[in-house]
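Colleague: Structure incoming, see below.
The values are calculated or read from the model by the stated rules, or taken from the named source; none is laboratory data. Owing to the predicted nature of the structure, the values given are computational and were not obtained by experimental measurement. Ideal geometry is used to build each Cβ from the backbone, glycine not excepted, and the neighbour counts take in all protein chains shown. What goes into the accessible areas is simple: the full protein's heavy atoms, side chains included, and nothing from ligands, DNA or RNA. Shrake-Rupley method; radii C 1.70, N 1.55, O 1.52, S 1.80 Å.
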Amino acid sequence: MSNAGDHDALTDEARSAVLASGALENLKQVSFDTTSSGKNDVEDLKQQAETVVENIQQLLDGGNLDDSAALKLSAALTKLRGALGNGKLSRAALTAALSEAAAAVNGAGDKGMSAQQKEAQLWQQIEADNKDIDDDFEKMRKAGINLNDGLWNKHKELMEYLKTHPRDIAKQKELDAVDDAMLLQAEPQMAKHPEAKPLFEDAKKKSDDRHQAVDRDLAGIDKNTSINNSVSMADFDENPKSANDKLTMNDVASPLVGQKPKPTSKQMG
C-alpha cells in the first residue's frame, strides 16, 4: 500500500494520537500471535482485529492525520472490517488484514517522530547491539575462537566507557572498528569451530545493523538538523542579499529596536 516516495510529515498532534491510541502496542502483539495455530487462534485474531479497528477509527476521527496517512489507514480499516464481516472467519484473511494495518499504523507513527525521538531510538538500538555483540564474542572465545588480546582488551575498555557515556559517537565508531577487526580475525576459524558459527553470524548481522545506525541513520539526522538550523538562521539574516537589494524604512528601523543608536545614526538628519 505504501509508496517508497511518501515522506509527508505528520503534525505533533497526529503523532501523539498514534501513540496514545495504543494501536502500535496492539499490533506488536499480532506479529507473534499470527504464527500460532489451533482452534483458538482465529478467535484471538478476531479479538485483536476488533481492537485495532477501534484504534484506527479513533485516529481517523481525531482529524489530525495528513491525507496520505488517512488514506492508508482507511484502506487498512476497510480490509479489517471485510475480514471480520465474512460469514466464516478466515485466519489467512485476518492475518493479511492485520499485517496491512500494522504497516499503515507504524508508517504513521514513524513519520510523526521528531528528529530527537528518532535519534533516541537509534541510540537504544545501538546499545542493544553492543550488548549482543559483546555476548557473542564472549561465547565465541569460550568455544575456542582465538581473538587478539590487544583488540579484545580494547573492545572491553570501550564497552565499559560507553556504559557511562552511551552517546559518544567517536568512541562508538572506534568500537565498531575494533569489532570489525575481530570479526575478520574470527571468520577463518569457523571451519575448525562450527559450534561458534551461529554466534559469529549473529555478531556479524548485529554489527551490520549497528553500522547502518551509526554511519548512515545518525549521520542523516545530524545532516538534516544542520540544514534546518542553517535555514532557520538564514530566515533571520539582517544583511542585504546583494548590492542591488533596496532598503526600506522597515529594514532600517527593525534592527534598531531595543538597541542604542549608533554614532552614525545621530549624524543623519
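Colleague: Please report Rg (one decimal) and Dmax (integer) in Å for the Cα set of segment 100-183.
Modeller: Rg and Dmax of segment 100-183, Cα atoms, are 16.6, 50 Å.
Colleague: Sticking with this structure for a sec: What's the carbon and sulfur percent of segment 115-232's accessible surface, probe 1.4 angstrom, rounded to a whole number?
Modeller: Numbers: 3410 of 6780 Å².
Whole-percent figure for carbon plus sulfur exposure: 50.
Colleague: For segment 77-216, which semi-axes, largest first and in whole Å, follow from the square roots of 5 times the eigenvalues of its Cα gyration tensor?
Modeller: Details: eigenvalues 322, 98, 19 Å².
For segment 77-216, the semi-axes come out at 40, 22, 10 Å.
Colleague: With the cut-off at 28 Å, tell me which of the pairs 142/206; 118/171; 171/206; 72/206 have Cα atoms farther apart than that.
Modeller: Exceeds cut-off: 72/206.
Colleague: Excluding residue 53 itself, calculate the net charge of residues whose Cβ lies under 13 Å from the Cβ of residue 53, where each Lys or Arg counts +1 and each Asp or Glu counts -1. Walk me through the numbers on the way to the answer.
Modeller: Values: positive: 46, 79, 81; negative: 50, 54, 61, 100.
Net of charged neighbours comes to -1.
Colleague: Among 129-141, 150-162, how do they line up from the highest to the lowest mean number of other beta-carbon atoms within 10 Å?
Modeller: Values: 129-141: 19.4, 150-162: 15.6.
Ranking the peptides 129-141, 150-162 by packing returns 129-141, 150-162.
Colleague: Among the listed pairs 154/204; 156/192; 154/197, which have their C-alpha atoms separated by more than 20 angstrom in this model?
Modeller: 156/192; 154/197
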